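Data first, discussion second: the structure below is written as structure tokens.
The values are calculated or read from the model by the stated rules, or taken from the named source; none is laboratory data. As the structure is a prediction and not an experimental result, all values here were calculated from the model. Note: ideal-geometry Cβ built from the backbone for every residue, glycine included; neighbour counts use all protein chains shown.
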Amino acid sequence: MPRISKFLATYMSLPLMTILLVFAQASCGLAQIKGSLAYVGSSACKDCHEKEYNSFMTHAKKSVSFRSIERVKKELTEEEIKGCYYCHTTGYGKQGGFVSPEKTPHLKNAGCEVCHGPGNVHIKTTDVTHIKGTLTTEDCEACHISERVRAFRYKPLIHGGAH
């Protein structure tokens, strides 16, 4: 009898454990289907984050970063221009990110999602676990490497008061 009880206790609890695991993952935002994240553009953030959006659009050079590419593109090859896209657009090279000014004009500047991550799930759910809220200087260092810091007198937005 003890062996049967142990067997039943072990295998009957598996479905329950599976259900609990699924709910736990969903509540933590981990149950997203891979590839479901997409970039929506900074204007999609405006309705809920109007103060931050207006401050970003007013004070952050990133909000018009594509102008830098347009200023120098005559002197660059197509490959060099594409190299600029990684830091001067939103989500270039990532699923649902910038493709070209014609195909994805809403992502042609470095917007909110460059730092906070793709926003489509966050916008649909308004769940804060689906967006990166707390930023560090390490988040900035994907683009702001030491050479660029010296060349452009970089001041991270997290310290610069843009929002």
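Here's the yes/no breakdown for (1) of a type in the set (Gly, Ala, Ser); (2) at pLDDT below 95; (3) in the same structural domain as Pro118 (by TED's automatic domain parsing); (4) at negative phi:
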site	(1), (2), (3), (4)
Pro2	no, yes, no, yes
Thr10	no, yes, no, yes
Ser13	yes, yes, no, yes
Ile19	no, yes, no, yes
Gln25	no, yes, no, yes
Glu52	no, yes, yes, yes
Ser55	yes, yes, yes, yes
Ser63	yes, yes, yes, yes
Glu75	no, yes, yes, yes
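Only one of Gly111, Gly97, Gly91 is touching a residue at least 60 places away in the same chain (Cβ under 8 Å), small (Gly, Ala, Ser) and under 11 Å from Gly41 (Cβ atoms); which? Working first, answer last.
Values: Gly97 fails: touching a residue at least 60 places away in the same chain (Cβ under 8 Å); Gly91 fails: touching a residue at least 60 places away in the same chain (Cβ under 8 Å).
Of Gly111, Gly97, Gly91, the one residue that is touching a residue at least 60 places away in the same chain (Cβ under 8 Å), small (Gly, Ala, Ser) and under 11 Å from Gly41 (Cβ atoms) is Gly111.
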- [ ] Give the number of residues within segment 67-96 that are within 14 Å of the chain's Cα centre (by Cα), surrounded by 15 or more Cβ atoms within 10 Å (Cβ to Cβ) and small (Gly, Ala, Ser).
- [x] 2
- [ ] From the list Val114, Val128, Val99, pick out the single residue that is surrounded by fewer than 18 Cβ atoms within 10 Å (Cβ to Cβ) and closer than 24 Å to Asn54 by Cβ.
- [x] Val128
TODO: Answer yes or no as to whether Lys124 is at pLDDT below 95 and in a helix (DSSP H, G or I).
DONE: yes
